[in-house]
Amino acid sequence: MALEGPLKDLHIQDVFQLLDLGRKSGVLRVTSELRQTAGTVCFERGGVVAAAVGSDPQPLGARLVRTGKITAADLNRARSMQSGGDERRLGDILASLGVISRRELDRQLKSQIEEAVFELLRWSEGYFRFEEGMSCQAAVEAPVRFPTEVLLMEAARRIDEWSRIGSTVSHLRLVPRLPAHAAQGGETLDLVPFEWEVLAAVDGTRDLHSLAEVLGRSEFEVARTVYGLTNVGVVVLDDPGHPGQIAQPGRDLAALLVPAREALAHWHYDIAAGALEELLRADPLMPEARRLLGLCYAALGRHREALDLWVSWTRLDTRTPGEEAEAPSVERLRQSVETILRELERYRD
């Protein structure tokens, strides 16, 4: 059985839920012309056993080398064994060679799958196709299965977390460093192990994205941890766009659109509206925030407010070429909402 269609008709989160409820086994492929990339998720009895975004056929191996968990020679050795007839999974071979522990392997695999799935769950455009019964053996690099419901709940939690930390950690190119006035021999820091791990990797040159790669953890985990360290004054954040200045909360307002977009992708219109309203209070002329807030209001039944926002959007002279390209979509939305209002008025009459 093949389940397929555009994401505008069936949200990717709904596709995951259908496959989970039906306890389906097979391969889900999602393609995006806008992003010029594709993602693959392997399901086994409704659970996720492998996931990747991009063209790397063995993302786990590349990840382990990049984060220093194994060497390139270790990876080449394991792949050579597979080419020579060893039918074991890549992860099983690496663990049997003693170059990585099973516990660390599972942790890295879990993080890699989560990042791929969470990336796909943000997509609101593209095309999906699920082929039931298609073998996942080649894509599964270690025997791990993640409940789909848990992944969806974690994705929703991350939306809420990004909304909370976004005003401080406004984008992933911020560079954390130790403050120049750090006290010598002061109070003992009471940090959890991963906070110590992040702090040890802070060198004043790596940005949040680079720290995530070095530590082999998700960008979300690193951003959330740095947010906590910043709040207690252990580190400060430098913005490369403003050399020599400490990044101020909310300075990069455009970056704060990220949690709003994520909330919209999961149909959390009330959460997205709150974030966008805050943005427009700080910058009333931000075109994308005004356009997206109109979409939220329309979904929440606040039709006349949505129309007002879209009309004012058309009058802004601060629209980028990317926003200009949205003009046909805004016009179609405006016409649809006007039709709804006319029908409501006729029903009342």
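Throughout, read-outs are computed from the coordinates displayed, never taken from laboratory work. Source: prediction; values computed, not measured. Neighbour counts run over all protein chains shown; Cβ positions are idealised from the backbone, glycine included.
Sorted ascending by nearby beta carbons within 10 Å, beginning with the fewest, Y227, Y127 become Y127, Y227. More than 18 Å apart: what percent of Cα pairs in segment 1-135 qualify? Here the long-distance tail beyond 18 Å is 58 percent of all Cα pairs in segment 1-135. Note on the chain: the C-alpha convex hull projects to 22.2 nm² when averaged across all orientations. Per residue, the chain reaches -16000 deg cm²/dmol at 222 nm when only DSSP H runs of four or more residues are counted, each adding -39500 (n - 2.57).
I'd like the FRET efficiency for N76 and Y127, computed as 1/(1 + (r/R0)^6) with the beta carbon distance as r and R0 of 30 Å, rounded to 0.05. The pair N76/Y127 has a calculated efficiency of 0.25.
Taking Cβ atoms as reference points and 14 Å as the exclusive limit, the residues near R129 contribute a net charge of -2, counting Lys and Arg as +1 and Asp and Glu as -1. Taking each residue as 0.36 nm, the span from D160 to R304 lengthens on full extension beyond its C-alpha to C-alpha distance by 49.1 nm. Note on R23/M153: beta-carbon distance plugged into 1/(1 + (r/R0)^6) with R0 of 22 Å gives a FRET efficiency of 0.75. Over the chain, what is the relative contact order in percent, taking alpha-carbon pairs closer than 8 angstrom and at least six residues apart? Dividing the mean separation by the residue count of the chain yields 16 percent.
Take the Cβ atoms of L10 and A327, set R0 to 25 Å, and the FRET efficiency comes out at 0.40. Starting from the Cα of R107, move 7 Å in the Cα-to-Cβ direction to define the label point; list residues of segment 197-223 whose amide nitrogen is under 13 Å from there. The answer is 197-198, 215-218, whose backbone nitrogens lie closer than 13 Å to the label point. If you run the Gaussian network model on the chain, springs between alpha carbon atoms under 10 Å, then out of S312, S329, S111 the most flexible one is S329.
About its Cα centre, the chain has a charge dipole of approximately 420 debye under the convention of +1 per Lys or Arg Cβ and -1 per Asp or Glu Cβ, with nothing else charged. Extension gain, N231-L97: 0.36 nm per intervening residue step, less the Cα-Cα distance, totals 44.0 nm. Can you list the lysines whose alpha carbon sits under 28 Å from that of K69, skipping same-chain ones fewer than 8 residues off? Filter leaves K110. At a Cα cut-off below 26 Å, give the lysines reachable from K8, other chains included and same-chain residues fewer than 8 away excluded. Of all the lysines, those that pass the test against K8 - Cα under 26 Å, at least 8 places apart if same chain - are K24. From least to most packed, judged by other beta carbons within 10 angstrom and beginning with the fewest, R103, R177 follow the order R103, R177.
In terms of other Cβ atoms within 10 Å, K8, K110, K69 run from fewest to most in the order K8, K110, K69.
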